[in-house]
Structure formats: structure tokens, C-alpha cells
Amino acid sequence: MLLHRASVPAVLAEGDLGPADADGLVLADIRIDAGRIAAVTPAAPTPPEGALDLDRSQVWPGLVDPHAHLDKAHILPRARNPDGTHPGAVKAVGEDRAAHWTAEDVRRRFTFALRCAEANGVVAIRTHLDSHGPQAALTWPVFAELREEWRDRITLQAAALVAITAYAGEEGEALAARVAATGGLLGGNTRIPDDKDGAELEASLDGLFRLAMKHGLDIDLHVDESGDPNAATLGPIARAALRHRFPGRLTCGHCCSLAVQEPEAADRVMDLVAQAGITIISLPPVNQYLQDRVPGRTPRWRGVTLLHELRARGITVLIGGDNCRDPFYGYGDHDPIETFTDSVRIAHLDKPIGDWPAAITARPADLMGLPDHGRIRAGAAADLVLFRGRTMDELLSRRRGPRVVLCNGRPTPVELPDYRELDDLL
């Protein structure tokens with residue numbers, strides 16, 4: 001099969017395809033053979049025989065979501081957030097987890113989420129799994145089963161989500177052993193109430209890094225998800241990574257409060273992040289939904305971290321979908337293009353759009369160690385998403401415009417599942 005006149009984001013294409021247009025797109029012919037991309041060449045002036053002329057429709061590699069919460073997904077109908085705030089979400093999820101999160105409940109909602117993602121063209125997801133107390137023994141085996149079941153459709157990774165203080169004691173040791181046995185990552189929330197001198201955070205981070213190095217695990221943390229300038233754990237995390245000479249991949253998600261720090265303080269922290277080689281994941285739609293929410297008052301800020309300033313330092317910045325139809329975010333459909341569309345608008349990731357399309361494709365694929373995904377290049381799997389939109393404004397103006405998902409070079413017949421399938425759970 002030959003896809004003729006495909007508009008491809010230049011940052012995602014390998015090969016000499018000529019200069020990009022104002023949208024960062026190049027016009028290419030993509031030859032597919034035996035389920036893989038055989039060649040990517042500049043578009044021929046006339047359609048080759050047997051070619052499918054896309055008439056400049058965009059073609060992207062399969063999409064990668066580096067930060068999700070598939071174990072929480074779709075509980076919203078039975079776990080409402082009464083005020084839309086972060087504390088309200090924490091309380092609602094905790095109550096729902098205690099009351100309903102059986103293996104079957106988690107498996108069915110998780111599977112529903114994967115079916116949504118597959119229909120949207122997602123090829124890989126890293127999800128955080130609530131691992132508090134007995135929940136770890138229930139959820140991690142379910143994850144392992146689904147990872148195997150979906151291995152030929154969506155590549156799955158998982159990171160443990162607990163309070164960071166867990167890693168200073170026996171609970172952390174047991175969790176690290178479970179995660180290592182399952183092939184996951186360590187992670188957690190770095191917020192510690194009433195830790196005024198930072199001693200508890202430092203001890204907890206030391207425990208985390210020691211366990212990660214003992215078991216050979218990477219780390220993915222929830223960091224400073226707040227508009228409070230006193231929420232400032234990103235710097236201590238970077239210093240801990242440098243102190244321990246951490247050899248693995250270290251990722252920090254959210255980092256919202258960096259945007260409300262004094263400029264000099266933010267600059268110092270970003271310098272440390274660059275020095276420690278930390279990857280930052282921003283979750284703009286969910287952060288905007290939760291941050292600065294006060295009943296009866298219009299929010300004053302957008303809730304996102306300093307994406308442009310971080311990128312200017314050469315720091316790897318990704319964009320993730322985060323929560324979906326749960327108390328932390330009442331919307332979403334496991335669609336990175338929807339997330340990207342919102343992120344472009346919220347954080348001004350345009351004029352020019354530059355290399356930002358890589359934030360939901362190539363860069364998260366690199367983070368997850370998936371060289372076969374994220375780029376359109378000869379030899380890669382022909383897992384592609386074909387959009388009707390020819391330009392970036394056409395693509396990003398419609399929430400879910402027409403798209404065709406190719407898996408191993410063949411169109412998939414997968415459709416978005418109906419929410420009614422979960423009615424008996426919710």
C-alpha cells in the first residue's frame with residue numbers, strides 16, 4: 001500500500017522530505033509493506049499507480065499517552081466530586097476505592113478505557129495505579145493480566161501511586177518488590193502536609209531512590225499539583241536524584257506550582273531539573289479543571305507548569321491525558337489528540353507549533369523505551385492515524401474529526417464503546 005500526498009509533522013518524520021510549511025508539515029509518500037513502513041519519500045508530483053491519494057490529509061504515528069489513571073477511569077457516575085476541587089476528588093476516589101474496587105470492577109473499567117484509547121489511535125499508555133495498602137495486591141495482578149492480553153494492541157506500563165512517605169518504611173519495601181516482580185515503576189505523590197522543614201520529604205525521597213536503585217526501577221512522581229507557591233518539592237527531588245546519582249529514568253508530572261514561584265526561584269529549580277535529567281509531564285486540561293477552583297469565583301490562572309521555559313532549557317516535556325471521567329476530571333475520552341488540542345489553546349503551543357506534536361508521540365515513546373513507535377520512518381511498525389484535516393487548524397478545530405486508525409498497515413474496525421456497557425457497575 002502507498003499513501004500518497006500525506007501531510008506529516010516534520011518533527012515526526014525521518015528522511016530528507018524537504019522544508020516544512022508554516023504548520024510544520026511536510027508532504028510525503030508512505031509505502032507500507034508486510035505491516036511495516038517500507039519507505040518515506042517526498043510526495044511524487046503525480047499519483048503512483050495504485051496509490052491512495054490522501055490529498056494532503058495528515059498522517060501521524062500511533063499516539064502515546066505517558067500519564068493516565070486507568071484504574072480510576074469512568075467511576076464518575078457513582079463517585080461525584082461535590083465541589084470540583086482536588087481535595088474533593090481525593091475524598092471521592094478514596095471512598096469509591098474502599099467500596100467498589102474489586103478485581104472485576106477494575107478490570108472492566110480498565111478494559112473500557114483501553115477500548116476507547118484503541119479506537120482513538122493510541123498504541124502505548126503509562127498508567128498510575130493506586131497502590132495504597134491492600135489495593136496493590138488487587139490491582140497489580142489485574143494490570144499484569146491486561147498488559148498481556150493487550151500486548152499486540154496497546155503497550156502498557158504502570159507506576160505505583162502512594163503517599164511518598166510510604167517509601168521510608170516497610171510498606172515501601174513490600175511495594176517495591178511487587179512492582180519489580182511485575183515490571184513496573186515506583187511513583188507517588190510528593191505532597192506531605194505539615195512538613196515545615198522538609199525533613200520528612202528528604203527521608204522519604206532517600207527511601208524512594210534507595211529502593212528504586214536496589215530493584216533497578218525507574219521513577220514517575222506526582223509533583224506540586226497545586227497553585228500554592230509553598231508547594232515546592234520539585235527542587236528537592238532533583239537534588240535527591242543528583243545526591244543518589246540515580247541511573248534510571250526520572251519523571252515528574254504536573255509541577256503546577258512552578259508557574260507561581262518567584263521567577264528567580266523557578267529558574268533555579270529548572271536548572272536543577274535540567275542537571276538531573278528529569279522528564280516533565282504536563283497535564284493541561286486536568287490541571288486547568290482542578291486548579292484555582294473556588295465556588296462562585298472565576299479562576300485566575302491556567303494551572304499549567306512552565307512548558308515553554310522548560311523546553312528552552314532542553315528539558316524533555318511531554319503532554320499526558322491524566323484522568324478520565326472520574327472525580328479528578330469529569331470529561332475526556334482517552335484521546336491524546338483532544339488533550340493536545342486543549343493544550344495548544346491553554347498553553348499557547350503554537351505560532352509556531354514547532355516540535356510540540358512530539359509531546360504525544362515520539363518523546364513519550366522514547367521515555368517508555370519503545371523505538372518502534374512515535375515516528376514515521378522506514379522500518380517502524382505501520383501503526384498510523386490518518387486524519388481528514390490537512391492543516392493544523394483543520395485538525396485542531398474539531399474535537400474528534402474523522403480519522404482512520406491503521407494497525408500493522410490495516411484499518412482497524414474498532415469503534416468507541418458505549419457508556420451503557422458500564423451501567424451495571426455504576
TODO: Would you pull out the residues with amide H under 5 Å of V122's amide H, same chain only if 5 or more places away, H placed 1.01 Å from N?
DONE: L63
Open item on the list: Accessible area per residue for the chain in Å², computed with a 1.4 Å probe and the full protein assembly in place, what is it?
Closed with: 42 Å²
- [ ] Please work out how much length the chain gains when fully extended from R268 to E95, using 0.36 nm per residue of separation minus the C-alpha to C-alpha distance, in nm with one decimal.
- [x] 58.4 nm
Open item on the list: Charges at C-beta only: +1 for Lys and Arg, -1 for Asp and Glu. How large is the resulting dipole of region 293-426 about its Cα centre, in Debye rounded to 20?
Closed with: 660 debye
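May I ask you to derive the FRET efficiency for R377 and A199 from their Cβ-Cβ distance with R0 = 51 Å, giving the value to the nearest 0.05? Before the final figure, lay out each step's value.
Details: r = 49 Å, r/R0 = 0.96.
Plugging the Cβ-Cβ distance into 1/(1 + (r/R0)^6) gives 0.55.
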Open item on the list: Just to check I understand the Karplus step: with θ = phi - 60° and J = 6.51 cos²θ - 1.76 cosθ + 1.60, what whole-Hz values come out for region 400-409, glycine and proline as x?
Closed with: 9, x, x, 8, 10, 9, 9, 10, 6, x
TODO: Using a/c under 1.5 as the rounded threshold, could you call region 325-418 rounded, prolate or oblate? The axes a ≥ b ≥ c are square roots of the C-alpha gyration tensor eigenvalues, and prolate needs a/b larger than b/c, oblate otherwise.
DONE: rounded
Task: FRET efficiency estimate (nearest 0.05) - Cβ-Cβ, R36 to L425, R0 25 angstrom - done: 0.05
Open item on the list: Could you tell me the center-to-center distance, by alpha carbons, between region 1-46 and region 359-375 in angstrom?
Closed with: 18 Å
Open item on the list: Explain nothing, just compute: Karplus ³J(HN,Hα) = 6.51 cos²θ - 1.76 cosθ + 1.60, θ = phi - 60°, for every residue of region 162-174 in order, whole Hz, x for Gly and Pro.
Closed with: 9, 5, 4, 5, 4, 7, 8, x, 5, 4, x, 4, 5
- [ ] Enumerate the amide H contacts of L185 below 5 Å, restricted to partners 5 or more residues apart or on another chain; note that Pro and chain-start residues carry no placed amide H.
- [x] A158, A159, A160
Task: Rounded accessible area of M1 (nearest 10 Å², 1.4 Å probe) - done: 100 Å²
Task: Computed [θ] at 222 nm, helices only, for the chain once each DSSP H run of length n ≥ 4 contributes -39500 (n - 2.57) - done: -10000 deg cm²/dmol
Task: Solvent-accessible area, 1.4 Å probe, carbon plus sulfur percent, for region 194-283 - done: 46 percent
- [ ] Apply the Karplus parameterisation 6.51 cos²θ - 1.76 cosθ + 1.60, with θ equal to phi minus 60°, to every residue of region 99-112 and state each ³J(HN,Hα) to the nearest whole Hz, in sequence, with x for glycine and proline.
- [x] 8, 10, 7, 7, 4, 5, 4, 5, 4, 5, 5, 4, 5, 4
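So what's region 1-90 giving for Rg/Rh, alpha carbon basis, Kirkwood Rh from the mean inverse pair distance? Numbers along the way, then the final one.
Working: Rg = 20.6 Å, Rh = 16.2 Å.
Ratio of gyration radius to Kirkwood radius for region 1-90: 1.27.
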Open item on the list: Please give the Cα centre distance for region 244-265 versus region 183-235, rounded to the nearest Å.
Closed with: 11 Å
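Where the accessible area of region 125-190 is counted over protein heavy atoms with a 1.4 Å probe, how much of it, in %, is carbon and sulfur?
On the way: 1210 of 2410 Å².
Ligands and nucleic acids excluded, carbon and sulfur give 50 percent.
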TODO: With springs connecting C-alpha atoms under 10 Å apart, model the chain as a Gaussian network and identify which of A99, A124, A43 has the largest mean-square fluctuation.
DONE: A99
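Taking 0.36 nm per intervening residue step and subtracting the Cα-Cα distance, what contour gain separates D393 from H215 on full extension? Write out the running numbers ahead of the final one.
Details: separation 178, 0.36 × 178 = 64.08 nm, distance 4.62 nm.
The D393-H215 span can extend by a further 59.5 nm.
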TODO: Name the shape class, rounded, prolate or oblate, that the alpha-carbon gyration tensor gives for the chain, where a ≥ b ≥ c are the square roots of its eigenvalues, rounded holds for a/c under 1.5, and otherwise prolate holds if a/b is larger than b/c and oblate otherwise.
DONE: prolate
TODO: Calculate the dipole size of the chain relative to its Cα centre from +1 charges on Lys and Arg beta carbons and -1 charges on Asp and Glu beta carbons; express the result in debye to the nearest 20.
DONE: 360 debye
- [ ] Quote the accessible area belonging to D423 in square angstrom, nearest 10, computed with a 1.4 Å probe and with ligands, DNA and RNA left uncounted.
- [x] 100 Å²
Open item on the list: Quick check: residue separation of Y331 and E14 times 0.36 nm, minus the Cα distance between them. What number comes out in nm?
Closed with: 110.6 nm
Task: Nearest-10 value in Å² for the accessible area of D152, using the 1.4 Å probe - done: 130 Å²
Task: Partner lysines for K196 [C-alpha distance under 26 Å; skip if fewer than 8 residues away on the same chain] - done: K91
TODO: Show which aspartates and glutamates lie in cross-link reach of K72 when reach means a straight Cα distance below 14 angstrom and same-chain residues fewer than eight apart are skipped.
DONE: E95, D96, E104, D105, D130, D322, D326, D333
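The values are calculated or read from the model by the stated rules, or taken from the named source; none is laboratory data. Just so it is clear, the model here is predicted, and its values are computed rather than measured. Virtual Cβ from ideal backbone geometry, glycine too; neighbours counted across all protein chains shown. Please note that ligands, DNA and RNA were not included when accessible areas were found on the heavy atoms of the full protein model with its side chains. Shrake-Rupley method; radii C 1.70, N 1.55, O 1.52, S 1.80 Å.
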